[in-house]
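Taking it in order: structure first as structure tokens, then the write-up.
Every number here is computed from the coordinates shown, using simple stated rules; none is lab data. The structure displayed is predicted, hence computed values, not measured ones. As a convention, Cβ positions derive from the backbone with ideal geometry for all residues, glycine included, and neighbour counts pool all protein chains shown.
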Amino acid sequence: MNTPKDNKPSLFFPIKGFIVVSLLHIIYWLPNPLTHAIGRFFGWLSYQLSARKRNIILTNLNIAFPAMPLAEKLKLAKQSAIQGGMLLSEFPDAWLASREKIEQQIIEVKNAELATEIQANKEPLVVIAPHIGNWEFLVQWVQLNYPIIGLYSPSKIPQVDRLIYDARKKFGCKPFSTDSKGIMQLLRGLKQGGFMMMLPDQVPRENAGIYTPFFGKPAYTMTLLHKLVKKSKAKVLFASCIRRQDKTGFDIAFETAQFDPAEPDVALFNQSMNQQIETIICLHPEQYVWDYKRFRRQPDGSDPYKG
């Protein structure tokens, strides 16, 4: 996790940072039913008003579900935008809430014993969590129950970065920067029996990934995760935190990797990882972040989101 450059609170808050942080605190103090209603409305509104957002979502859905009838695809696209709005309205709770309030939001946890057993044996553990449901609540619940380590990419807004950084470590997580020094510290922690979470379904920086099929189309996929698992000999689990349909909270589920984490070939490792992520997404496709340009970097230089 990249620590803020200045450990002391800034005496001068840029207007943008002040406004964003103030809004986050206001949303936090609103009743959950109201924040969900606001989130649903703005998610729907953004879909209606933003041609760019609609294009990204529908392009991704066309790639992922080519056989899905158009009417179903359009319905799923709108549901995804609404769920995305709800996600944004939930972040303040995940970042600012107390231990008790976070625990109240988690209704059911399935297969947590998988992680507990590995930790009890003092073995390295990597939990793979795709961007589905609310991963911020997942991070918070995990660090409430296990001593975890992880990487953190800072926000471009310093005040927001401070808020998220504090949230990510307030229950015991040890965060490391995403530079080479931070990655070495993370690897050292893993080798000592550490518990790490990683969200691998984003486009990595140049020269930090390989092209791997994702819903049948090449997607530039990180190689760092394979390196960390290989060098630390870590066990691998998958986890998700899914929003309940009645909006009363979330269900967390752990599952074993459906492939050999010790696979030496990074291409085969990534292919198997992406396949399992696809399976998780297909259980609750409306809660995945389809408004992200996952396929923007293609081997032939093309961009499926253009034209």
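Stretched out fully, how many nm does the piece from Cys282 to Ala120 gain, at 0.36 nm a residue minus the Cα gap? Could you put the intermediate results ahead of the total?
Numbers: separation 162, 0.36 × 162 = 58.32 nm, distance 3.20 nm.
Between Cys282 and Ala120, full extension yields an extra 55.1 nm.
Quick one: 3J(HN,Hα) in Hz for the stretch 232-249, Karplus 6.51/-1.76/1.60 with θ = phi - 60°, rounded, Gly and Pro as x.
3J(HN,Hα) across the stretch 232-249, in whole Hz: 9, 6, 6, 6, 10, 10, 10, 8, 8, 10, 9, 6, 5, 4, 7, 6, 8, x.
Treating the beta-carbon of each Lys and Arg as +1 and of each Asp and Glu as -1, no other charges, what is the dipole magnitude of the stretch 156-307 about its Cα centre, to the nearest 20 debye?
Dipole of the stretch 156-307, to the nearest 20 debye: 720 debye.
Return the lysines within reach of Lys101: Cα separation strictly under 25 angstrom, same-chain partners fewer than 8 residues apart disregarded; answer none if there are no such residues.
Lys110, Lys169, Lys170, Lys174, Lys247
Which ³J(HN,Hα) values, rounded to whole Hz and listed in residue order, are derived for the stretch 112-122 from phi using the Karplus coefficients 6.51, -1.76 and 1.60 in 6.51 cos²θ - 1.76 cosθ + 1.60 with θ = phi - 60°, glycine and proline given as x?
Computed from phi, the couplings for the stretch 112-122 are 4, 4, 4, 6, 4, 5, 5, 5, 4, 7, 6 Hz.
With unit charges on the beta carbons (Lys and Arg positive, Asp and Glu negative) and the dipole taken about the Cα centre of the chain, which residue among Ala37, Ser22, Gly133 sits farthest to the positive side?
Of the listed residues, the answer is Ser22.
Calculate for the chain the 222 nm mean residue ellipticity that helices alone would give, adding -39,500 (n - 2.57) per DSSP H run of length 4 or more and normalising by residue count, nearest 500 deg cm²/dmol.
Result for the chain, helices only: -16000 deg cm²/dmol.
Could you state the number of Å between the C-alpha centres of the stretch 88-114 and the stretch 229-307?
If we compute the Cα centre of each part, the gap is 21 Å.
Checking the a/c ratio against 1.5 first, then a/b against b/c, what shape does the Cα gyration tensor give for the stretch 91-235? List each step's numbers first, then the result.
On the way: a/c = 1.41, a/b = 1.20, b/c = 1.18.
Rounded, since a/c falls under 1.5.
Report the local net charge at Pro66: Lys and Arg +1, Asp and Glu -1, summed over other residues whose C-beta lies under 14 Å from its C-beta.
Cβ neighbours under 14 Å give a net charge of 0.
With a ≥ b ≥ c the root eigenvalues of the C-alpha gyration tensor of the stretch 181-299, is it rounded (a/c under 1.5), prolate (a/b larger than b/c) or oblate?
oblate
Nothing charged except the Cβ atoms of Lys and Arg (+1) and of Asp and Glu (-1): what's the magnitude of the dipole of the stretch 15-287 about its Cα centre? Round to the nearest 20 debye.
760 debye
What share of all Cα pairs of the chain, in percent, falls into each consecutive 10 Å distance bin?
For the chain, the pair-distance distribution reads 6, 25, 35, 26, 7, 0.
Between Leu34 and Ile15, what is the label-point separation in nm under the 7 Å Cα-to-beta-carbon projection?
Placing both labels 7 Å beyond Cα along the Cβ direction yields 2.7 nm.
For Lys101 and Arg52, what does the FRET efficiency come to when R0 = 35 Å and r is the distance between their Cβ atoms, rounded to the nearest 0.05? Don't skip to the answer; put the middle values down first.
On the way: r = 35 Å, r/R0 = 1.01.
For R0 = 35 Å, the calculated efficiency reads 0.50.
Could you pull out every residue, at least 5 positions away or on a different chain, whose amide H is within less than 5 Å of the one on Ile149? Hs are placed 1.01 Å off N in the peptide plane, and Pro or chain starts have none.
Sorted by chain and number, the residues that satisfy this are Lys174, Phe195, Met196, Met197.
So for the chain: antiparallel DSSP bridges make up what percent, rounded to the nearest 5?
45 percent
Using Cβ contacts closer than 10 Å as the measure, can you line up Thr178, Thr256 from fewest to most?
Least crowded to most crowded, the residues run Thr256, Thr178.
What ranking do Asp291, Asp300, Asp201, Asp260 get, fewest neighbouring Cβ atoms within 10 angstrom at the top?
Asp300, Asp260, Asp291, Asp201
Please report the net charge: other residues with Cβ closer than 12 Å to the Cβ of Leu144, K and R +1, D and E -1.
Charge balance near Leu144 sits at +1.
How much length would be gained if the chain were fully extended between Lys227 and Thr248, taking 0.36 nm per residue of separation minus their Cα-Cα distance, in nm to one decimal?
Numbers: separation 21, 0.36 × 21 = 7.56 nm, distance 3.85 nm.
Here the segment from Lys227 to Thr248 would lengthen by 3.7 nm.
Charges on Cβ only, +1 for Lys and Arg, -1 for Asp and Glu, centred on the Cα centroid of the chain; of Phe269, Ile56, Thr212, which one is farthest towards the dipole's positive end?
Ile56
Can you compute the charge dipole magnitude of the stretch 53-143 about its Cα centre, using +1 on each Lys and Arg Cβ and -1 on each Asp and Glu Cβ, nothing else charged? Give it in debye, rounded to the nearest 20.
Once rounded to the nearest 20, the dipole reads 580 debye.
What is the calculated FRET efficiency for Asp300 to Ala67, with r their C-beta to C-beta distance and R₀ = 30 Å, to the nearest 0.05?
For Asp300 and Ala67, the calculated efficiency is 0.80.
Tally Lys and Arg at +1 and Asp and Glu at -1 over the other residues with C-beta under 14 Å from the C-beta of Arg243: what net charge comes out?
-4
Please work out how much length the chain gains when fully extended from Leu268 to Phe41, using 0.36 nm per residue of separation minus the C-alpha to C-alpha distance, in nm with one decimal.
Between Leu268 and Phe41, full extension yields an extra 77.6 nm.
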